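Engineer: My questions all concern the structure below.
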Amino acid sequence: MPEETLTTKLKRIKEETGACILAHYYQIPEIQQAADHIGDSFALSKLASELPNELIVFCGVDFMAESAKLLSPDKTVLLPVRSAGCPMADMASAKEVKNLKQRHPEAAVVSYVNSTTEVKALSHICCTSSNALKVIRSLPHKQIIFVPDKNLGSYAAEQIPEKEFILFDGYCPPHEDVMAIDVKLAREKHPDSLLLVHPECRREVREMADFIGSTAQIIKYAGQSEHGSFIIGTEEGILHPLKGQNPGKTFHMLTGNFICPNMKKTTLGELVYSLENMHFRIEIDASLAKAARKPLERMLEV
C-alpha cells in the first residue's frame, strides 16, 4: 500500500480511536512525521500520563512502552512491534540484581530507565541519561549499584567521585561499538565540526567529545550553539529533528552504522496495523507494576 494511503488511513483511525502517537527520536523519519509527539523515552512516558488520550501508541522499544504503562496504568498502551526490544535492558536480569543487592546491602540500586520492569521493581530509584547525575547526588547512600549501562554508570562515577559505584556490565550495542579511532577519522574528515556524544558511548569516546548529553540535550545544544557544523555520536534517527530544526547547520554521523535495528522495526504499515487491531497491548502484573512504579515516582520527585 502506498505511503500516502497509509498516512490517510492512519489519520482516519486516529480520529476514530482518539489515539495519541508517541515516537522516540531514533524512529524512522516517516514515523516521527506521523507522531503527535517525539522525544526521549521517559519524557514521552511522562507525557503519556499527562495527556487526555486514553489510548497511547508508543513507537519505540518495549521498556519505553512499559514505562508509559507504569505511569498510566488505566490507559491502553500499544507497542506496534512486539519484537522491538532493547538488548541492553535484557542484559540485566532480576536474579543478577538481587545478587548484587545481597552482596552490597548498604548500596542503593539506581536503574537506568532502559531496563526491564522486573529490574525497576528491585530498584531504589530510576534515572535517565539527562538526570542521572542529579538523581544520584540526591541519594544519601555512599554506594551505588548502577544497572544496566556500564558506560552511563562510569560517566556518572567520573562526575561524582565521592560515591562508590558498582557497575553492571551492560551496554547499548550501537553506542558500545564506537571507538576512539572512529572519532579520529571523523574529526579528520570534518575538522571544523563539534563532536556531540551520548553518555552511553565508551569513556574513550566521551573524553574526545565537545559535549556529552542525552538525545534531547544534544538537540538543544546544537540548536543553541553558534557553531554551524556538528559530528553526532548517537543513533542516526536524531538527524531528522536536528536537520528539521536547524536548516542552516550541517550534521555528520560519527560512524556510518550508528543504527539501532530494534528502533527501525516500526514502519507506517506496522503502526496502522497496530491501531486497527489494538496490537500489541502492554499488560503488567499489578503487584509488579506497583513495585516498579515507585522508583519512577521517586525520580519524578527529584
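Engineer: Using a cut-off of 12 Å between beta-carbons, work out the net charge of the residues near residue 273 (Lys and Arg +1, Asp and Glu -1, residue 273 not included).
Structural biologist: 0
Engineer: Next question. Test of understanding: in a Gaussian network model of the chain with alpha carbons linked when under 10 Å, which of 284, 136, 166 would top the mean-square fluctuation ranking?
Structural biologist: Residue with maximal mean-square fluctuation among 284, 136, 166: 284.
Engineer: If you don't mind, another one. Which residues' amide hydrogens lie under 5 Å from the amide hydrogen of residue 194, considering only partners 5 or more residues apart or on another chain, with H built in the peptide plane?
Structural biologist: It is 229, 230, 231, by chain and number.
Engineer: Could you calculate the contour length gain from residue 90 to residue 164, that is, 0.36 nm times the residue separation minus the distance between their Cα atoms, to one decimal place in nm?
Structural biologist: So the chain would gain 24.2 nm between residue 90 and residue 164.
Engineer: Could I get the Rg over Rh figure for segment 217-302? Both from C-alpha atoms, Rh via Kirkwood, rounded to two places.
Structural biologist: 1.12
Engineer: In addition: Report, as a whole number in µm² per second, the diffusion coefficient that Stokes-Einstein gives for segment 46-154 at 10 °C and 1.306 mPa s using the Kirkwood radius over alpha carbon pairs.
Structural biologist: After rounding, the answer is 107 µm²/s.
Engineer: Dipole of the chain, Cα-centred, from +1 at each Lys and Arg C-beta and -1 at each Asp and Glu C-beta, to the nearest 20 debye?
Structural biologist: Charge dipole of the chain: 540 debye, to the nearest 20.
Engineer: Okay, moving on. Roughly how far apart, in whole Å, are the Cα centres of segment 36-80 and segment 93-128?
Structural biologist: The two parts, judged by their Cα centres, are 22 Å apart.
Engineer: If you look at just the Cα atoms of segment 174-259, how large are its Rg and its Dmax in Å?
Structural biologist: 11.4, 31
Engineer: Still on this structure: HN-Hα J couplings of segment 60-73 from phi, Karplus 6.51/-1.76/1.60, θ = phi - 60°, integer Hz, Gly and Pro as x?
Structural biologist: x, 10, 4, 5, 5, 5, 5, 5, 5, 5, 4, 7, 10, x
Engineer: Further question: For segment 111-226, count all C-alpha to C-alpha pairs, find those more than 20 Å apart, and express that count as a whole percent of the total.
Structural biologist: The proportion of pairs with Cα distances above 20 Å equals 44 percent.
Engineer: If the chain between residue 143 and residue 257 were fully stretched, how many nm would it gain, using 0.36 nm times the residue separation less the Cα-Cα distance?
Structural biologist: Between residue 143 and residue 257, full extension yields an extra 37.4 nm.
Engineer: To continue, here is another question. Which whole-Hz ³J(HN,Hα) couplings does segment 223-229 yield from phi under the Karplus relation 6.51 cos²θ - 1.76 cosθ + 1.60, θ = phi - 60°, glycine and proline marked x?
Structural biologist: x, 8, 5, 7, 5, x, 9
Engineer: Taking other Cβ within 10 Å of each residue's Cβ, how do 234, 116 sort, fewest first?
Structural biologist: Ranking 234, 116 by Cβ neighbours within 10 Å, fewest first, gives 116, 234.
Engineer: Projecting each Cα onto the charge dipole of the chain (Lys/Arg +1, Asp/Glu -1 at the beta carbon, about the Cα centre), which of 112, 214, 198 comes out farthest on the positive side?
Structural biologist: Farthest towards the positive end: 112.
Engineer: To continue, here is another question. Choose one answer from 25, 221, 171: the residue with the largest mean-square fluctuation in a GNM of the chain with alpha-carbon springs under 10 Å.
Structural biologist: Of 25, 221, 171, the Gaussian network model singles out 221 as fluctuating most.
Engineer: Counting only Cα atoms, I'd like the Rg/Rh figure for the chain, Kirkwood definition for Rh.
Structural biologist: 0.97
Values quoted throughout were computed directly from the atomic coordinates according to the rules given, and no laboratory measurement underlies them. Computed from a predicted structure; not experimentally measured. Because the Cβ atoms are built from the backbone with ideal geometry, glycine has one as well, and the counts that use them run over all protein chains shown.
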